[in-house]
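**Q** Quick one: the structure is below, questions incoming.
The values are calculated or read from the model by the stated rules, or taken from the named source; none is laboratory data. These figures come from a predicted structure and were not determined experimentally. Methodologically, a virtual Cβ is constructed for each residue, glycine included, from the backbone with ideal geometry; neighbour enumeration extends over all protein chains shown.
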Amino acid sequence: MNSTDESRSVLEILIYDDDKTDINLHHKLITKYLDEREFDYNITDVSSQDDYSEYLKSKKPDIILLDILMPIQNGIDAARMLRKVSQTSQIIFMTGSDSFAAEAFEVEALSYLKKPVKYESLVHVMDKAVQRVNFSRSITVNSERIQIKIFLNDIIYIETQGRKIVIHTMKGDVSTYMALSAIQEKLPSSEFVQVSRFEIVALYRVNYINGNVITMRGGSELRMSPKLKEKVLNAFDLYRANHFN
């Protein structure tokens, strides 16, 4: 997994195909694409309905590459299953057939990749998928009577300043009037953690933790509450275990 780009969070990629030879090929192509784009990512490969069902119990893929023609559970049924738990996952079908266009429209698939998959075609489709993922992973806040969309992967940390909440992002600061707890409810707990009474940090922006001091990528230093230290360290360790091992 690559972890050099500080402007993006981790992409969850799922490849579901009953042919393990195809899985290996597509895994290599996806890895090449993600490394060239310098994304942080996790790729999971599954080849059976049981493994797919188990995956969906704990994770929701940002992007899924899905074979259509499988003997037990075809790709359309697998996509319908995914749509019951995620409306934002980007579905890319891989198939040698064009006969599933209506069903693909029903499950809001992004595109097809014809087998055998060519790298140039993969790049084009993945660029579109990543763009949609970045658009869907966002929150909206009111700032000076204007609604502002903030992408999650732009957030560095959030703090209270008097009655205001200031969201520090890669593109500048955004101020809004709301409770810290209210904005925390909008954020995925696997990627954000409250470190003090006044601050929430994006775990993928944390550079390191020394004692009670959290150093963010870019150099900002925040002091965590001793009461929250165990929770923060556990969240940080879990994040690193899930994304950097």
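**Q** Tell me which of these P61 doesn't satisfy, since it passes every other one: (1) in contact with an Asp or Glu (Cβ under 7 Å, 6 or more places away or on another chain); (2) assigned to a helix (DSSP H, G or I).
**A** That leaves (2) as the condition not met.
**Q** Could you list, in sequence order, all residues of region 165-216 that are of a type in the set (F, W, Y) and either modelled with pLDDT of 95 or more or surrounded by fewer than 17 Cβ atoms within 10 Å (Cβ to Cβ) (or both)? Give the derivation first.
**A** Initially, region 165-216 is screened for residues of a type in the set (F, W, Y), giving 177, 192, 198, 204, 208.
Once the filter is applied, which keeps residues that are of a type in the set (F, W, Y) and either modelled with pLDDT of 95 or more or surrounded by fewer than 17 Cβ atoms within 10 Å (Cβ to Cβ) (or both), region 165-216 yields Y177, F198, Y208.
**Q** Select, from G219, G162, the only residue that is surrounded by fewer than 17 Cβ atoms within 10 Å (Cβ to Cβ), without any contact (Cβ under 8 Å) to a residue 12 or more places away in the chain and over 26 Å from L11 (Cβ atoms). Can you show your working first?
**A** Working: G219 fails: over 26 Å from L11 (Cβ atoms).
From the options G219, G162, the qualifying one is G162.
**Q** Given S181, S190, which one is within 19 Å of K164 (Cα to Cα) and small (G, A, S)? Can you show your working first?
**A** On the way: S190 fails: within 19 Å of K164 (Cα to Cα).
Every option except S181 fails the conditions.
**Q** From the residues in region 48-71 that are under 19 Å from L25 (Cβ atoms) and over 22 Å from the mean Cα position of the chain (by Cα), which one is surrounded by the fewest Cβ atoms within 10 Å (Cβ to Cβ)?
**A** By that ranking, first place goes to S48.
**Q** So, one more: Exactly one of these conditions fails for P61: (1) within 23 Å of K115 (Cβ to Cβ); (2) free of Cβ contacts under 8 Å to residues at least 12 places away in the same chain. Give me its number.
**A** If we test P61 against (1) within 23 Å of K115 (Cβ to Cβ); (2) free of Cβ contacts under 8 Å to residues at least 12 places away in the same chain, just (2) comes out false.
**Q** Is it the case that K227 is over 17 Å from the mean Cα position of the chain (by Cα) and loosely packed, with under 12 Cβ neighbours inside 10 Å?
**A** Working: over 17 Å from the mean Cα position of the chain (by Cα): yes; loosely packed, with under 12 Cβ neighbours inside 10 Å: yes.
For K227, the condition - over 17 Å from the mean Cα position of the chain (by Cα) and loosely packed, with under 12 Cβ neighbours inside 10 Å - is met.
**Q** If only one of V141, V133, V117 is surrounded by 15 or more Cβ atoms within 10 Å (Cβ to Cβ) and part of a loop (DSSP other than H, G, I, E, B), which one is it? Break it down stepwise before answering.
**A** Values: V141 fails: part of a loop (DSSP other than H, G, I, E, B); V133 fails: part of a loop (DSSP other than H, G, I, E, B).
V117 is the lone residue from the list that is surrounded by 15 or more Cβ atoms within 10 Å (Cβ to Cβ) and part of a loop (DSSP other than H, G, I, E, B).
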